[in-house]
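The values are calculated or read from the model by the stated rules, or taken from the named source; none is laboratory data. From a predicted model like this one, the values you see are computed outputs, not experimental measurements. A quick note on method: Cβ atoms are made from the backbone with ideal geometry, for glycine too, and the neighbour counts reach across all protein chains shown.
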Ligand SMILES: Cc1cc2nc3c(=O)[nH]c(=O)nc-3n(C[C@H](O)[C@H](O)[C@H](O)COP(=O)(O)OP(=O)(O)OC[C@H]3O[C@@H](n4cnc5c(N)ncnc54)[C@H](O)[C@@H]3O)c2cc1C
């Protein structure tokens, strides 16, 4: 199920109700949460209509390398072909999580990419053969994996572990309390935090947090480098679980799994992991305890979220662009440096999570669609000149 209400999931920046109407036609409500497979169908329909009128073509291959020669991009594909293009937009999405040091020698029972074939294979094996699962991280990806296991019929034990053991909060109805940008004391994380606490006491935390949404890019850019770093270090874990909420039905299933003893949320740290008895022996220190204990799991899956240090990407296309200096990491090193038009270089644009250094809140559809429309206009302008 999507984590954003149907009314926020339109693909079209100039028609914000586009998806809500589609969802309503299927019996849903605009403030409800649609299944991801419906959203996938919706995106495919839009794409097919654009392909149908000859405005787009989809090529199912990977770009391994991109080079700009004489104003023309040459893209080397994994099947040996070369594509040529006058403009290139990098919309490659999230990069797989940073490998966890403690699992360096763990072997195949440790799955680093929770969104890939390996994780799907691990889920199938756990369903078929049973066993216990450790999910590292307690955010949206953990929720996804726990529900995927549950839906597939897995009845074994799941432990989800993160430093603070904070799980995304649930959406609930609230009266919106919009606020003008000028009324928010930005500039430092502390002043924003204090405002948020005061405002939460007055109008409820959901209304307070969501009132920041239209101003998030301005507030983020109003923080200097030191303050942005401070936010990432101290405030981010709390921000993430309150801001990126889950559908109430999803929260209810997670709570039920916890109540039935099938899912345990642990605040703690992994100290070491070693292959043992066909699985992994993992040494865990729980928060508040000065002792560690060893527990055996059949599979461990990294759910710590997308890669946060762009310089460590394993993606061949990005790696090549970074190594040759065509693109640069942003000031925080979490994405690519882009200008106010999301340009990452000559005839080169980047969008979505790759641009979170500049915009921070640019990982969900309501934000990305506006950026995509602006980039399309900018490309059209550039190519006309
Ligand atoms: C668990 C979880 C739940 C989420 N839930 C929601 C939600 O409910 N609502 C919401 O709005 N957002 C949600 N998000 C965020 C959202 O999924 C992503 O931020 C969003 O999909 C990013 O869109 P994108 O088009 O930039 O990238 P993606 O959707 O990741 O698409 C990137 C595409 O690029 C392709 N690609 C990558 N590299 C290459 C290459 N070298 N050559 C060719 N193709 C390549 C990939 O195969 C893929 O098709 C969620 C994220 C997570 C982790």
Considering segment 73-122, residues that are closer than 30 Å to residue 56 by Cβ, more than 12 Å from the ligand (Cβ to nearest atom) and loosely packed, with under 13 Cβ neighbours inside 10 Å, and then whichever is nearest to the chain's Cα centre (by Cα), we arrive at 117
Can you find a residue in segment 177-199 that is surrounded by 17 or more Cβ atoms within 10 Å (Cβ to Cβ), touching a strand residue (DSSP E or B) at 6+ places or on another chain (Cβ under 9 Å) and under 30 Å from residue 141 (Cβ atoms)? no
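Those residues that are buried (at least 22 other Cβ atoms within 10 Å of the Cβ) and in a loop (DSSP other than H, G, I, E, B), I need them from segment 335-350; list them, please. Steps first, answer last, please.
Start the filter on segment 335-350 by keeping residues that are buried (at least 22 other Cβ atoms within 10 Å of the Cβ), which leaves 335-336, 338, 342, 344, 349-350.
Of everything in segment 335-350, those that are buried (at least 22 other Cβ atoms within 10 Å of the Cβ) and in a loop (DSSP other than H, G, I, E, B) turn out to be 335, 338, 342.
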Among (1) surrounded by 14 or more Cβ atoms within 10 Å (Cβ to Cβ); (2) more than 16 Å from the ligand (Cβ to nearest atom), there is one condition residue 326 misses while meeting the rest; what is its number? (2)
Whether any residue in segment 132-150 is surrounded by fewer than 21 Cβ atoms within 10 Å (Cβ to Cβ), more than 16 Å from the ligand (Cβ to nearest atom) and farther than 30 Å from residue 315 by Cα is what I want to check. yes
Extreme residue, farthest from the ligand (Cβ to nearest atom), among residues of segment 366-381 that are buried (at least 18 other Cβ atoms within 10 Å of the Cβ) and within 14 Å of the chain's Cα centre (by Cα): 367
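With the condition kept exactly as written, say whether any residue in segment 231-239 is assigned to a helix (DSSP H, G or I), in contact with a helix residue (DSSP H, G or I) (Cβ under 6 Å, 6 or more places away or on another chain) and either modelled with pLDDT under 95 or surrounded by 15 or more Cβ atoms within 10 Å (Cβ to Cβ) (or both). It would help to see each step written out before you state the result.
Kept after step one, since they are assigned to a helix (DSSP H, G or I), are these residues of segment 231-239: 231-239.
The next check asks that each one be in contact with a helix residue (DSSP H, G or I) (Cβ under 6 Å, 6 or more places away or on another chain); those that pass are 231, 235.
Subset that is either modelled with pLDDT under 95 or surrounded by 15 or more Cβ atoms within 10 Å (Cβ to Cβ) (or both): 231, 235.
Within segment 231-239, one or more residues are assigned to a helix (DSSP H, G or I), in contact with a helix residue (DSSP H, G or I) (Cβ under 6 Å, 6 or more places away or on another chain) and either modelled with pLDDT under 95 or surrounded by 15 or more Cβ atoms within 10 Å (Cβ to Cβ) (or both).
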Show the residue pairs that are 6+ apart or on different chains and have beta-carbon atoms under 6 Å apart, the first residue being within segment 54-65 and within 14 Å of the ligand (Cβ to nearest atom), the second being in a loop (DSSP other than H, G, I, E, B). 61/78; 61/79; 62/78; 64/78
Please go through (1) within 23 Å of the chain's Cα centre (by Cα); (2) surrounded by fewer than 14 Cβ atoms within 10 Å (Cβ to Cβ); (3) assigned to a strand (DSSP E or B) for residue 301 and return the number of the only condition it doesn't satisfy. (2)
Residues satisfying the stated conditions in segment 188-225, i.e. at pLDDT below 95 and more than 16 Å from residue 239 (Cβ to Cβ): 214
Scope segment 337-365; condition within 13 Å of the ligand (Cβ to nearest atom) and within 14 Å of residue 306 (Cβ to Cβ); matching residues: 352, 353, 354, 355, 356, 360, 362, 363, 364
